[in-house]
1. In Å², and per residue, what accessible area does the stretch 79-176 have when probed at 1.4 Å with the other protein chains present?
2. Once phi is turned into ³J(HN,Hα) by the Karplus curve 6.51 cos²θ - 1.76 cosθ + 1.60 with θ = phi - 60°, what whole-Hz value does each residue of the stretch 108-124 show in order, with x for glycine and proline?
3. For the stretch 78-91, just list the computed ³J(HN,Hα) in residue order, Karplus coefficients 6.51, -1.76 and 1.60, θ = phi - 60°, integers in Hz, with x standing in for Gly and Pro.
4. With a 1.4 Å probe and all protein chains kept in place, how much accessible area does F106 have, in Å² rounded to the nearest 10?
5. Report ³J(HN,Hα) in whole Hz for each residue of the stretch 43-51, in order, from the Karplus equation J = 6.51 cos²θ - 1.76 cosθ + 1.60 where θ = phi - 60°; Gly and Pro get x.
6. Using a 1.4 Å probe, how large is the accessible area of T69, given in Å² and rounded to the nearest 10?
7. Suppose accessible area is computed on protein heavy atoms with a 1.4 Å probe; arrange S81, S74 from highest to lowest.
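The values are calculated or read from the model by the stated rules, or taken from the named source; none is laboratory data. The model shown is predicted, which means the values in this text are computed figures rather than measured ones. Just so you know, the surface numbers come from the protein's heavy atoms only, side chains and all, with ligands and any DNA or RNA stripped out. Shrake-Rupley method; radii C 1.70, N 1.55, O 1.52, S 1.80 Å.
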Amino acid sequence: FFSSRRRHTRLQGDWSSDVCSSDLKAVEIKTNFATAYINWGFGLAAEKRFAEAVVKYDQALAINGNNTTALLNSGVALRESGKMEEAIRRFSRVVELRPDWPPGRFNLGKARLSLKQFDPAKVQFEALIALAPKSAEARINLGLALEGAGDRASARQRFEEALQLDPQSAEAKAALER
């Protein structure tokens with residue numbers, strides 16, 4: 001016979017190891033499910049089925065609300081669906097969670113630019129250039145934000161910088177010819 005105290009200790013020990021093992025498996029399964037939903041959403045978005053893609057990304061976000069890949073991809077799908085304000089909310093969350101991740105800055109800047117929110121777009125592209133100094137695309141978009149805000153001289157400078165980084169950039173060339 002085990003004493004009741006000993007039996008409790010043994011059961012508690014068994015229970016703790018079972019729970020830890022089960023918890024780890026549950027986390028692993030949930031992570032895999034989140035990834036599966038993201039991949040499913042990506043496939044739907046590739047077929048331009050953006051509303052359905054957002055549903056799958058949201059299912060991944062229900063598992064992990066801070067999954068930056070799901071947030072970013074859902075923002076892109078929302079943007080493509082014309083739901084720009086919601087896309088901006090998702091991109092803003094990505095930047096909040098991962099301020100040093102260029103895709104978040106780029107997509108938030110592009111969304112702001114499309115709504116003619118030139119100053120907020122400028123902030124994102126300036127931050128993006130600090131993160132990716134060799135990005136001609138970041139300089140072109142900063143130039144577009146500056147141009148939209150009425151600062152043509154600074155915009156021109158950014159387009160010239162973009163052309164130095166990518167001499168074949170049709171967009172930088174066209175911007176300089178305007």
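1. Numbers: 4980 Å² over 98 residues.
With the other protein chains kept in place, the stretch 79-176 gives 51 Å² per residue.
2. So the Karplus estimates, Gly and Pro as x, are 5, x, 5, 5, 4, 4, 5, 9, 6, 8, 5, 5, x, 5, 4, 4, 5 Hz.
3. Computed from phi, the couplings for the stretch 78-91 are 5, 4, 5, 8, x, 9, 5, 4, 5, 4, 4, 4, 5, 5 Hz.
4. Near enough 50 Å² of accessible area.
5. x, 5, 5, 4, 8, 6, 9, 5, 4
6. In the full protein context, T69 sits at about 60 Å².
7. Result of the area sort, largest leading: S81, S74.
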